[in-house]
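Below is one structure, written out as structure tokens; comments come after it.
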């Protein structure tokens with residue numbers, strides 16, 4: 001796919017990134033999400049034990065059921081919100097691999113206050129995620145994110161999702177993201193396992 005202009009890429013990031021909220025473990029959680037292949041993808045730590053989430057931009061929130069959660073990779077998937085995202089960017093492809101030194105664009109609803117932030121970044125590396133509490137590899141991205149970015153997309157210059165944001169390293173300031181191949185594997189498995197609104201096991205003792 002041909003590279004998008006900076007203006008096009010920024011517009012795509014803004015249109016594709018939804019605000020996601022849930023009432024989980026007795027508290028409100030806030031993050032971001034992106035629609036991929038007709039499903040809303042976000043982080044497991046945004047969803048936690050919730051059976052459904054709200055998604056918006058941030059007007060007219062739509063409640064949708066959570067279909068699957070994988071805490072090993074910090075990924076979760078919910079039904080696509082009707083009327084949200086579809087009228088904007090629709091599905092975003094997740095079929096590209098990030099490489100070290102690659103320029104990327106990060107998007108998220110920072111602090112869940114409704115305002116979306118879009119910023120450039122550079123892929124610094126791919127490392128085992130165990131040091132950060134993951135059971136999968138993570139991408140290190142030279143860009144400083146904060147609360148609310150979790151679940152937001154990392155886009156390459158063609159607008160493909162190369163990773164899903166998940167957190168940041170407080171000691172280095174680098175952002176952490178789940179690589180596209182792991183997102184792809186999760187979507188493939190969840191499409192087989194998920195059927196309607198699945199009960200989500202509690203994880204309220206964690207964190």
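Quick look at the values:
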{"quantity": "Those residues of segment 24-44 which are without any contact (Cβ under 8 Å) to a residue 60 or more places away in the chain, under 18 Å from the mean Cα position of the chain (by Cα) and surrounded by fewer than 19 Cβ atoms within 10 Å (Cβ to Cβ), in sequence order", "calculated": "28, 38"}
{"quantity": "Residues of segment 146-162 that turn out to be touching a helix residue (DSSP H, G or I) at 6+ places or on another chain (Cβ under 8 Å) and either more than 15 Å from residue 186 (Cα to Cα) or at pLDDT 95 or above (or both), as a count", "calculated": "11"}
{"quantity": "Close pairs (8 angstrom Cβ cut-off, 6 or more residues apart or separate chains): more than 21 Å from residue 155 (Cα to Cα) in segment 122-137, assigned to a loop (DSSP other than H, G, I, E, B) anywhere", "calculated": "132/169; 134/72; 134/73; 134/74; 135/72; 135/73"}
{"quantity": "Qualifying positions in segment 172-184 - under 13 Å from residue 41 (Cα atoms) and part of a helix (DSSP H, G or I)", "calculated": "180, 182, 183, 184"}
{"quantity": "Only listed residue being in contact with a strand residue (DSSP E or B) (Cβ under 9 Å, 6 or more places away or on another chain), outside the structural domain of residue 33 (by TED's automatic domain parsing) and modelled with pLDDT of 65 or more, chosen from 82, 68, 107", "calculated": "107"}
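Per-residue answers, yes or no, for (1) at pLDDT below 90; (2) closer than 23 Å to residue 19 by Cα; (3) in contact with a helix residue (DSSP H, G or I) (Cβ under 8 Å, 6 or more places away or on another chain); (4) buried (at least 18 other Cβ atoms within 10 Å of the Cβ):
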{"site": "137", "(1), (2), (3), (4)": "no, no, yes, no"}
{"site": "141", "(1), (2), (3), (4)": "no, yes, no, yes"}
{"site": "168", "(1), (2), (3), (4)": "no, yes, no, yes"}
{"site": "177", "(1), (2), (3), (4)": "no, yes, no, yes"}
{"site": "205", "(1), (2), (3), (4)": "yes, no, no, no"}
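The values are calculated or read from the model by the stated rules, or taken from the named source; none is laboratory data. From a predicted model like this one, the values you see are computed outputs, not experimental measurements. Here the Cβ is made from the backbone with ideal geometry for all residues, glycine too, and neighbour counts use every protein chain on show.
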